[in-house]
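In what follows, a single structure is set out as structure tokens and then discussed.
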Amino acid sequence: MKAQSVKVFYSYAHEDERYRDELEKHLSMLRNKGVIKEWHDRKLIAGNELNHKVLKELQASNIAMFLISSDFLSSKYCYEIELKKALELQEEGKIRSIAILVRPVDYEGAPFEKFVMLPTDARPVTEWDNQDEAWMVVAKEIRKVCQEMLQELDMQDPHEAKKDAGSPEGAEDTIGFREKKKYVLPAPQDKPALFLRARINFSHEAGRTWIMKIIVNGEIIQDQRLLNTPLAEEYKDGRVRPCFSDDNESWHLGYSPNFKDNYYHPRYKVVNRDPYIFLFDLSGIKTRNGKYEVVIEHTGQEGIEAHKNPIIVREVKIF
């Protein structure tokens, strides 16, 4: 399949244009290698209808980056139109949103408050002694997100990459305590990968637990097959909490009442930005009559209240 680029949309207040320029410079290597294709409103051509063109470009993007400042929050267009639309697209699984704090501002209560804020520890770019270092940190995190997205896009038809198709189409499946659900899916010609979106249906402000076992054609899917970093969290010393438990051969899922809000935990730094997505390499697993049988099992334990809640599966696909 022909290599694809990640389409990046910049949302920023014009008072912060100099910061957007700096970020563009620090993303030069990604641009030069064809990893990203960027768009912002300074690329509008005379005669373009502003609102239509901006929203069209946003809907066609894979990543929306918000440069957060007091001017951004006071901009009706940035905050009420671009941000609102991006959050709708993210809820539908069609885009990832990245918030970059460029200048100090009180953003408590903003819809992006639960995002992982860049740079590190949500320290505004302008408060770094060396702002180039701040932008380097931001650029490296964006590179990681792009690498994950390219793995997903490389295994999808480019016209289908943004389609939020459930299994069945548009539906969510419920897997109750200690229950299983089987999906039989056709195998692709090469580079087989399993794409899964799931959560624990639990109204809890923070938390996750090992509760989901995945079996493909009789093989338990373990961490060596993982291609992305779902629900990855860092301890204060930099170690990353594992997503997979060898003890019960199960994967971590985050507590959430919906797929709308990004997972967060007050004691840890969340490494990725879409904790409900899992992407696995299925290379070496033999097909059965040209198909894969995917079994998702609820492995909750007796006596743990949260484990009584079901697993909600929005998508199960093989590319």
The condition of being of a type in the set (Asp, Glu), in the same structural domain as Met136 (by TED's automatic domain parsing) and either at pLDDT 95 or above or assigned to a helix (DSSP H, G or I) (or both) holds, among Glu22, Glu38, only for Glu22
Leading residue by the ranking (farthest from the chain's Cα centre (by Cα)) among those in region 163-181 that are among the aliphatic types (A, V, I, L, M) and modelled with pLDDT under 90: Ala171
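The values are calculated or read from the model by the stated rules, or taken from the named source; none is laboratory data. None of these values were measured; they are calculated from a predicted model.
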